[in-house]
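Below is one structure, written out as structure tokens; comments come after it.
The values are calculated or read from the model by the stated rules, or taken from the named source; none is laboratory data. Since we're looking at a predicted model, the values are computed, not measured. FYI the Cβ positions are ideal-geometry reconstructions off the backbone, even for glycines, and counts take in every protein chain you see. Side chains included, ligands, DNA and RNA excluded: accessible areas come from the protein's heavy atoms. Shrake-Rupley method; radii C 1.70, N 1.55, O 1.52, S 1.80 Å.
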Amino acid sequence: MRRVVITGTGVVSPLGCGTEITWSRLIGGQNGASRVTAFDVSDIPAQIACSVPTDPSVEGAFNPDDWMEPKEQRKVDKFILFGVAAADMALKDAGWNPQSREDQIATGVMIGSGVGGLEGIVEAGYTLRDKGPRRVSPFFIPGRLINLISGQVSIRHGLRGPNHAVVTACSTGAHAIGDAARLIALGDAEVMVAGGAEAAICRIGLAGFAACKALSTAYNDTPERASRPYDRDRDGFVMGEGAAIVVLEELEHALARGANIIAEVSGYGLSGDAYHITAPSEDGDGAYRCMQMALKRAGITPAEIDYINAHGTSTMADTIELGAVERLVGEAADGISMSSTKSSIGHLLGAAGAMEAVFSALAIRDNVAPPTLNLDNPEVETTIDLVPKVARKRKIDVALSNSFGFGGTNASLVLKRFQHQ
Amino acid sequence: MSDIADRVKKIVIEHLGVDAEKVTESASFIDDLGADSLDTVELVMAFEEEFGVEIPDDAADTILTVGDAIKYISSAQS
């Protein structure tokens, strides 16, 4: 199959708007969690979140007007706005602005979301109930549909290739990148804009995930301590929001135009747990098979893995993933660093896998493993380096990024430092 | 009449994000003010809300300019 490389990234995250500001703050150990003040949380058990900063006095804050005219913003949910902004950044970073019809047809989009426009659906529900169907906006549906990120990006940039969207809960971003890479590998596109976006920090989003007992509730007064993957005192994930988009490109296409190659997407694995709607199978079988498939596709042995960006949500499932990784890598465990960047930015749900793929690519670029914050007391012993609290400079040529979602849907990506040959 | 005209123009300016001087009575929502078909549906909804009138779909189809809207609402209210 044809080789696929990453030539651009775009990020909107709880640490800021932009790939480099997010990355430098992540490596610096910053934490994006805070108490929710944008809406009433007094009656919700989880009262904290990792929100995208929008206060203009904060450096790197996200300003919606930079990406979309105010009158257009009214027509889309925030997850679409985040996705559009990150896609704009990624295409600019890649230096890819197709003008000819041939180049436009060769460029597709595959951007997904886990839950999409929850808040707008609730609001339209109120309108329907209180004012009747004649007051439901014509922009209600096109402003909430998950594939409308892909649609908006296609329209804005004239991208006429495959236009698709993934919806696999917290595996969405990883599946989008893996599937988009496969479309390129199979020759259906030369370039794909791929990733995920999420903006579910709203009353119904917090209430819904809290009802699933998935969210941290013990750290409402110390939000920065709440997301603590692998730590014995973890009690659930912290919801994040934002978007991460990559530009994927067929290798020869990238080389021919002199594009900056950040990393190669060399492996992709997928599996289903066939177990439970929200809990991973206790033996970690789905995660194990998923990682195994990704390694096989990449043609590498476990000993070649340098860094793993774990799914690591700060829930009980962390130890299941860790167990699956230990089973996968066996004696190679001592050479591997594995961290959960959700300790810094929370869980971006449908954007998480794409964000973590970007972080994995940058870990390769800069030879540094981002830290697992708040890891005071690991629940289980392991010879794998969990990169507690402080980023680690080390050689990273190969990174594995895991994403596991509700429904028992798993995705793993293998990224490699690009080398000719 | 002028009160209705001002309120209609204000809604058009807000919803379509256009400059006030472009919103003349002869201005066509689609041809002059950059609206698409969904924008016009939303505009009609906003007029209904603002003026407490019901604009049936077949009547809405005839409201193509700012002046059309002012005329329709004025007669519906009188």
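All Cα-Cα distances of chain B, cut into 10 Å bins from zero to the largest, leave 19, 63, 18, 0 percent in each bin in turn. Only protein heavy atoms count here; under a 1.4 Å probe, residue A:186 has an accessible surface of about 110 Å².
With both labels modelled 7 Å from their Cα along Cα-to-Cβ, the residue A:129 to residue B:37 distance reads 3.3 nm. Couplings for region B:33-48, taken from phi via the Karplus curve 6.51 cos²θ - 1.76 cosθ + 1.60 with θ = phi - 60°, read 10, x, 7, 10, 4, 6, 4, 5, 4, 5, 4, 4, 4, 5, 5, 4 Hz in order; Gly and Pro are left as x. Considering only A:341, A:309, A:363, and ranking their Cα positions along the charge dipole of region A:289-421 that arises from unit charges at the beta-carbon of Lys, Arg, Asp and Glu, the one farthest toward the positive end is A:363. In a reduced charge model with +1 at each Lys and Arg Cβ and -1 at each Asp and Glu Cβ, the protein assembly as shown shows a dipole moment near 1180 debye about its Cα centre. Relative contact order of chain A, taken over Cα pairs closer than 8 Å and 6 or more residues apart, is 23 percent. Ordered from highest to lowest accessible area with the whole protein assembly present and a 1.4 Å probe, A:182, A:365, A:160, A:228 read as A:160, A:365, A:182, A:228. Using a simple spin-label model with pseudo-atoms 7 Å out from Cα toward Cβ, residue B:74 and residue B:54 lie 2.5 nm apart.
Taking amide H positions as modeled 1.01 Å from N, with prolines and chain starts lacking one, the residues under 5 Å from residue A:281 and 5 or more places away or on another chain are A:286.
Give me the orientation-averaged projected area of the Cα convex hull of region A:270-322, in nm², one decimal.
Values: hull surface 16.0 nm².
Taking the Cα atoms of region A:270-322, their convex hull projects to 4.0 nm² on average.
Here's how it looks for residue A:48: its modeled amide H is under 5 Å from those of A:36, which are all 5 or more places away or on a different chain. What number, rounded to the nearest 500 deg cm²/dmol, is the helix-based mean residue ellipticity at 222 nm of chain A, given -39500 (n - 2.57) per DSSP H run of at least four residues and division by all its residues? Here the helix-only value at 222 nm equals -9500 deg cm²/dmol.
Computed from the C-beta positions of residue B:64 and residue A:100 and an R0 of 41 Å, the FRET efficiency is 0.65 to the nearest 0.05.
Using the Karplus relation 6.51 cos²θ - 1.76 cosθ + 1.60 with θ = phi - 60°, the per-residue 3J(HN,Hα) values for region A:337-353 come to 9, 9, 10, 10, 6, 5, 5, 9, 10, x, 9, 8, 6, x, 8, 4, x Hz, with x marking Gly and Pro.
Might you work out the accessible area of residue A:217 for me, using a 1.4 Å probe with all protein chains in place, and round it to the nearest 10 Å²? Residue A:217 exposes around 60 Å² with every protein chain in place.
By the rule of a C-alpha distance below 30 Å, with chain neighbours fewer than 8 residues away ignored, the lysines paired with residue A:75 are A:92, A:131, B:9, B:10, B:22, B:71.
Among A:99, A:47, A:152, which one shows the biggest mean-square fluctuation in a GNM of chain A, springs joining Cα atoms closer than 10 Å? Checking each option, the largest mean-square fluctuation is seen for A:99.
Going by a ≥ b ≥ c, the root eigenvalues of the Cα gyration tensor, does region A:355-417 fall in the rounded group (a/c under 1.5), the prolate group (a/b larger than b/c) or the oblate group? Oblate is the answer for region A:355-417, as a/c is 1.5 or above yet b/c matches or exceeds a/b.
In the protein assembly as shown, taking the dipole from charged Cβ atoms about the Cα centre, the farthest positive-side position among A:21, A:384, A:410 is held by A:384.
Report, in whole Å, the centroid distance computed from the Cα atoms of region A:218-270 and region A:88-152. That distance is 22 Å.
With distances taken between every two different alpha-carbon atoms, chain A has a Kirkwood hydrodynamic radius of 20.9 Å.
Over 27 Å apart at the Cα level, from the set A:78/A:395; A:342/A:416; A:213/A:416; A:213/A:342, are A:78/A:395; A:213/A:416. Structure remark: mean-square fluctuation, Gaussian network model of chain A, C-alpha springs under 10 Å; the largest value among A:205, A:28, A:132 belongs to A:132.
Over chain B, DSSP H runs of length four or greater, each weighted -39,500 (n - 2.57), average out per residue to a 222 nm ellipticity of -18000 deg cm²/dmol. Modelled label positions at residue A:21 and residue B:2, each set 7 Å beyond Cα in the direction of Cβ, lie 4.8 nm from each other. Shape of region A:284-421 from its Cα gyration tensor (a ≥ b ≥ c, root eigenvalues): rounded if a/c is under 1.5, otherwise prolate when a/b > b/c, or oblate? In terms of gyration-tensor shape, rounded.
Among A:135, A:394, A:74, the largest mean-square fluctuation in a Gaussian network model of chain A (Cα springs under 10 Å) belongs to A:135. Amide H contacts of residue A:263 (H built 1.01 Å from N, in plane; Pro and chain starts excluded): A:6 sit under 5 Å, all sequence-distant by 5 or more or on other chains. The heavy atoms of residue A:347 offer some 0 square angstrom of accessible surface to a 1.4 angstrom probe.
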